[in-house]
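Read through the structure below, which is laid out as structure tokens, and then see the notes.
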Ligand SMILES: Cc1ncc(COP(=O)(O)O)c(C=O)c1O
């Protein structure tokens with residue numbers, strides 16, 4: 001057994017696909033400490049710099065003092081604490097939906113929700129670049145699964161025609177993201193909504209990398225495009241721009257009641273820590289405030305600066321034109337991507353390489369993320385170092 005895994009690990013190493021944990025010995029922020037050295041961090045999803053924000057820390061501390069550390073039980077038993085309910089009602093108000101439900105992570109939200117929406121002999125049509133959590137949720141549902149090429153509306157349309165013909169009367173669920181996690185581009189939401197309506201399908205939209213970044217008060221792409229009422233299931237995470245931890249689903253009251261009854265990752269898991277729910281609530285309140293909107297606009301200043309300064313060579317123009325806080329620097333070869341990441345680390349920047357299976361084989365990249373907490377000189381320094389290190 002041992003040998004078997006050793007061989008498998010060796011095979012990964014030989015293809016430059018092995019992964020290792022690095023210890024970060026400081027709080028999240030534009031700078032982090034590794035082995036006693038400070039690095040400028042261009043790899044986190046803490047887009048608004050809230051992960052170590054005093055207001056979130058204070059909210060968590062107050063909740064710890066009142067509710068302790070653990071939730072003690074699942075929500076349906078005795079773990080349904082006031083911070084969870086306050087968070088859900090704030091989330092629903094902020095997102096403009098009837099109701100919301102929190103999960104212990106975005107991954108758990110996807111894994112619980114998709115199989116609650118569709119089952120065997122229903123159909124899921126999912127974008128090729130969707131996040132692993134959505135793919136895993138789709139597989140777990142047992143529904144017939146068809147993948148459409150990234151943002152390819154014509155192909156989706158033909159899949160919808162096929163599904164309507166072959167699975168008449170069954171549910172058809174279209175699954176996509178508003179901002180794609182490894183490419184930073186956006187879904188053509190208006191056209192997707194038009195298609196899903198025409199075919200009577202349901203639409204699940206993962207707003208993980210859009211909330212806090214896009215739309216009025218960071219409410220995401222559906223809100224930005226005024227399509228809130230047309231997206232059946234709005235999924236997101238509290239772990240990225242909101243600086244806390246956990247996932248959520250926003251939608252109709254009936255949808256949320258159904259998930260409370262059927263989403264297994266919600267039912268069979270201890271409720272999220274109350275302090276984390278309280279911190280997420282502070283983040284939602286902040287985003288909904290004028291100060292939150294100011295922070296979001298500051299993030300966009302930083303995004304535009306990065307867009308202007310990054311050398312064009314590694315950027316896929318079509319995919320990276322400042323549509324989000326994510327800049328994929330495509331290298332291709334896995335080993336070359338590791339080497340570039342190492343060169344940047346030598347220069348004092350943390351931008352780990354992203355490789356298969358997170359992205360396709362031969363599509364390795366540096367996933368550069370910019371946050372509102374970065375200072376201009378830090379962004380300039382990164383871009384200069386990249387310029388020096390690319391052939
Ligand atoms: C698009 C997308 N959806 C869902 C998730 C999962 O969210 P969480 O980190 O809260 O589990 C991620 C996290 O990387 C993501 O990028």
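The values are calculated or read from the model by the stated rules, or taken from the named source; none is laboratory data. Values in this document were obtained by computation on a predicted structure and should not be read as measured data. Cβ atoms come from the backbone with ideal geometry, glycine included; neighbour counts cover every protein chain shown.
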Residue 206 away from the ligand (no atom under 11 Å from the Cβ) and either buried (at least 17 other Cβ atoms within 10 Å of the Cβ) or within 27 Å of residue 52 (Cβ to Cβ) (or both): no
- prompt: What helices (runs of 4 or more DSSP H), lying completely within segment 219-326, carry at least 3 residues that are modelled with pLDDT of 95 or more?
  reply: 221-224, 253-262, 264-267, 274-288, 290-309
message: Consider segment 119-176. How many of its residues are touching a helix residue (DSSP H, G or I) at 6+ places or on another chain (Cβ under 7 Å), within 16 Å of the ligand (Cβ to nearest atom) and more than 18 Å from residue 197 (Cβ to Cβ)?
response: 7
field: Residues being without any contact (Cβ under 8 Å) to a residue 12 or more places away in the chain and loosely packed, with under 12 Cβ neighbours inside 10 Å - total across segment 20-36
entry: 4
query: Out of (1) under 23 Å from the mean Cα position of the chain (by Cα); (2) in a helix (DSSP H, G or I); (3) without any contact (Cβ under 8 Å) to a residue 12 or more places away in the chain, the odd one out for residue 342 is which?
result: (1)
statement: Of those in segment 35-48 that are touching a strand residue (DSSP E or B) at 6+ places or on another chain (Cβ under 7 Å) and assigned to a strand (DSSP E or B), the residue nearest to residue 324 (Cα to Cα) is 41
task: Being crowded, with 24+ Cβ neighbours inside 10 Å, under 16 Å from residue 372 (Cα atoms) and away from the ligand (no atom under 16 Å from the Cβ) narrows it down to one of 214, 303, so name that one.
output: 303
query: Would you say residue 379 is buried (at least 17 other Cβ atoms within 10 Å of the Cβ), touching a residue at least 12 places away in the same chain (Cβ under 8 Å) and under 26 Å from residue 130 (Cα atoms)?
result: no
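Right, residue 96: touching a residue at least 60 places away in the same chain (Cβ under 8 Å) and surrounded by fewer than 22 Cβ atoms within 10 Å (Cβ to Cβ) or not?
It is true that residue 96 is touching a residue at least 60 places away in the same chain (Cβ under 8 Å) and surrounded by fewer than 22 Cβ atoms within 10 Å (Cβ to Cβ).
When you check residue 359 against the structure, is it touching a residue at least 60 places away in the same chain (Cβ under 8 Å), within 19 Å of residue 211 (Cα to Cα) and within 18 Å of the chain's Cα centre (by Cα), yes or no?
No: the conditions fail for residue 359.
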message: Regarding segment 355-364, can at least one residue be identified that is out of contact with any strand residue (DSSP E or B) (no Cβ under 8 Å at 6 or more places or on another chain) and in a helix (DSSP H, G or I)?
response: no
message: Looking for something more than 30 Å from residue 223 (Cα to Cα), exposed (fewer than 15 other Cβ atoms within 10 Å of the Cβ) and in contact with a strand residue (DSSP E or B) (Cβ under 8 Å, 6 or more places away or on another chain) - is there at least one such residue anywhere in segment 78-91?
response: no
task: Tell me, please, whether a residue that is in contact with a strand residue (DSSP E or B) (Cβ under 9 Å, 6 or more places away or on another chain) and surrounded by 20 or more Cβ atoms within 10 Å (Cβ to Cβ) can be found in segment 281-296.
output: no
- line: Here the residues within segment 185-196 that are touching a helix residue (DSSP H, G or I) at 6+ places or on another chain (Cβ under 6 Å) and either assigned to a loop (DSSP other than H, G, I, E, B) or crowded, with 23+ Cβ neighbours inside 10 Å (or both) are 185
